[in-house]
Amino acid sequence: MRSHASTAPSSDDAAASPKALPPCEGRPAQSLESTSASGPGRRHGSAPVSLSISELAHRCQVSTRSLRYYEEQGLLFPSRNAVGHRRYQAKDADCVGFIQCLYGAGLPSDLIRTVVQEWKLPDSAPRIEALLRTRHAELSREAEELRSKLTGLEAVLNAVTGSS
């Protein structure tokens, strides 16, 4: 039976500890163990669980194209089976979720790649924090520039329409 309780960290958890969002290891948002024993991608015994690209895409609610893109960008590293098909591990679902959070936060692929690579290194939290704070400052500057442009546009609109 599938658990409906979310294990995604709250924004307070993420702020308290950069390791609150597991990028490529740790507790999955929707683990293979939470699916039925007879479900796709589930094997009995101690053999590692492996997912096809479509199974991982379904589990993470992303397109297979997104997964291929993440691989092209050096963000995911699936293994290949004997006939060359991609095979993913359960922890890859965590990595996909983390990548999506980073994209959603406005990070470009090259910075996401750096964050994911750094995450795997010991004592990476200060370096990751510095990267993310730099990006935050960049986005803040961009937001201020947009606010200034909106103010200017509103002034032009008011002049054109005769409003004040």
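The values are calculated or read from the model by the stated rules, or taken from the named source; none is laboratory data. Given the structure is predicted, the values throughout are model-derived calculations rather than measurements. Cβ atoms come from the backbone with ideal geometry, glycine included; neighbour counts cover every protein chain shown. Accessible surface areas use protein heavy atoms only, side chains included; no ligands, DNA or RNA. Shrake-Rupley method; radii C 1.70, N 1.55, O 1.52, S 1.80 Å.
Side notes on the structure shown:
- Of Gly97, Gly106, all but one fail to be in a loop (DSSP other than H, G, I, E, B) and not acidic (Asp, Glu); the exception is Gly106.
- Qualifying positions in the stretch 123-164 - open to solvent by less than 100 Å² (accessible area, probe 1.4 Å) and in a loop (DSSP other than H, G, I, E, B): Ser124, Gly162, Ser163
- Selected residue (criterion: modelled with the lowest pLDDT) from residues of the stretch 41-51 that are more than 19 Å from the chain's Cα centre (by Cα) and within 19 Å of Arg80 (Cβ to Cβ): Gly41
- Taken together, Ser63, Ser54 contain a single residue that is at pLDDT 95 or above and either farther than 21 Å from Ile112 by Cα or surrounded by 13 or more Cβ atoms within 10 Å (Cβ to Cβ) (or both), which is Ser54.
- Test result for Cys95, in contact (Cβ under 8 Å) with a residue 60 or more places away in the chain, open to solvent by 60 Å² or more (accessible area, probe 1.4 Å) and under 10 Å from the mean Cα position of the chain (by Cα): no
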